[in-house]
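For reference, the structure discussed in these notes is given below.
The values are calculated or read from the model by the stated rules, or taken from the named source; none is laboratory data. Nothing here was measured: the structure is a model prediction, and the numbers come from that model. FYI the Cβ positions are ideal-geometry reconstructions off the backbone, even for glycines, and counts take in every protein chain you see. Accessible surface areas use protein heavy atoms only, side chains included; no ligands, DNA or RNA. Shrake-Rupley method; radii C 1.70, N 1.55, O 1.52, S 1.80 Å.
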Amino acid sequence: MAAVRAPSLTASVLKAVIPGRRGRILQAYAELQARREESSSGPEAGEGQIRLTESCVQRLLEITEESEFLRLQVEGGGCSGFQYKFSLDTVINPDDRVFEQGGARVVVDSDSLAFVKGAQVDFSRELIRSSFQVLNNPQAQQGCSCGSSFSIKL
């Protein structure tokens with residue numbers, strides 16, 4: 001008999017989710033986990049990569065010190081159901097994946113990676129704001145106009 005593994009969600013995702021949406025989000029997460037397990041054992045394992053644009057690499061090299069890196073997390077919330085959260089960090093946890101390009105590092109925990117695998121991280125400078133953003137997320141069905149929240153493909 002095969003062991004059944006229950007999907008694990010980070011506490012921050014569960015706390016941020018509106019109770020009525022929790023069932024839908026748990027179902028979506030379980031489906032993403034299943035897809036992630038299939039792709040990590042198949043020939044398309046490279047799809048789990050996070051790519052960095054040149055502007056992202058350049059900005060990270062300007063603002064980070066020796067051991068610092070950009071942490072990308074996905075949390076429940078935002079106008080589309082999930083939102084991206086960026087922060088500078090110095091601690092790499094056992095379940096983190098490190099993506100390095102040109103000396104700049106972006107770290108994503110395994111739960112969040114299911115929601116952003118195959119995406120691109122960019123640094124955008126606009127008249128009203130400058131920020132890191134996730135572009136071309138193949139796991140996202142749609143996003144809000146500001147680009148900070150998204151809904152996932154089911």
**log₁₀ of I(q)/I(0) at q = 0.20, 0.21, 0.23 Å⁻¹ - segment 68-142, Debye sum with one point per alpha carbon** = -0.93, -1.02, -1.20
**Message:** Accessible area per residue for segment 73-130 in Å², computed with a 1.4 Å probe and the full protein assembly in place, what is it?
**Reply:** 47 Å²
**Item:** Cα→Cβ-extended label distance, 7 Å offset, between R125 and E54, nm
**Value:** 1.4 nm
